[in-house]
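Novice: Structure incoming, see below.
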Amino acid sequence: MIAGAQTYLGLVNDKTKIVTGHGPLASKADLDTYIAMLKAARDRMAALVKAGKSEADVLAAKPFTDYDKKLGVTDQASTNFIRVVYHSLADKPGAKIANQ
């Protein structure tokens with residue numbers, strides 16, 4: 001997701017209007033903010049995976065609560081995003097996860 005968003009960032013300028021999948025039109029600055037959020041989410045999750053946390057542990061920790069509040073997402077959307085980010089890192093060869 002990060003690489004794709006960064007590719008789009010290289011294609012837009014300050015006058016570009018981005019039609020999002022959900023929500024209002026976005027700008028180049030909005031896309032830059034989104035990329036920063038994705039990187040922060042990746043880094044937080046990487047620390048949890050490195051610490052050996054299971055998917056259940058990570059879900060209980062709710063590592064993206066600040067973003068959930070800011071973006072106004074549902075509990076289900078938050079859970080789905082946590083699982084996607086978790087598995088994008090935990091399922092890589094060499095990841096050491098507890099209870100697996």
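Bear in mind that the values in this text are calculations on the coordinates, not laboratory data. Everything numeric in this text was worked out from a predicted model, so none of it was measured.
Novice: Could you pull out every one of the aspartates and glutamates with an alpha carbon less than 18 Å from that of K17, ignoring same-chain neighbours closer than 8 positions?
Specialist: D30, D32
Novice: Moving on. At a threshold of 8 angstrom on Cα-Cα distance, excluding pairs fewer than six apart, so keeping six or more, what relative contact order does the chain reach in percent? Before the final figure, lay out each step's value.
Specialist: Details: 76 pairs, mean separation 26.2, N = 100.
This gives 26 percent for the chain.
Novice: A follow-up question, please. Only helices at least 27 Å long along their own axis, judged from Cα atoms, and with Kyte-Doolittle mean hydropathy of -0.5 or greater: name those in the chain from DSSP H.
Specialist: Counting only whole DSSP H runs, the qualifying helices are 28-50.
Novice: Can you list the equivalent-ellipsoid semi-axes of the chain, largest first and in whole Å, using the square root of 5 times each Cα gyration tensor eigenvalue?
Specialist: After diagonalising the Cα gyration tensor, the semi-axes are 29, 16, 10 Å.
Novice: Need the full-extension length gain, D30 to I18, defined as separation in residues times 0.36 nm minus the C-alpha distance. One decimal, nm.
Specialist: Stretched out fully, the D30 to I18 stretch lengthens by 3.4 nm.
Novice: Right, here's the next one. State, as an integer percentage, the relative contact order of the stretch 1-54 based on alpha-carbon contacts under 8 Å between residues 6 or more apart. Could you put the intermediate results ahead of the total?
Specialist: Details: 30 pairs, mean separation 16.8, N = 54.
Relative contact order comes out at 31 percent.
Novice: Here's another thing I want to ask about it. Which residues' amide hydrogens lie under 5 Å from the amide hydrogen of I18, considering only partners 5 or more residues apart or on another chain, with H built in the peptide plane?
Specialist: Result for I18 returns A26, S27.
Novice: Among the lysines, which have Cα under 16 Å from the Cα of K92 when same-chain residues fewer than 8 positions away are ignored?
Specialist: K50, K53
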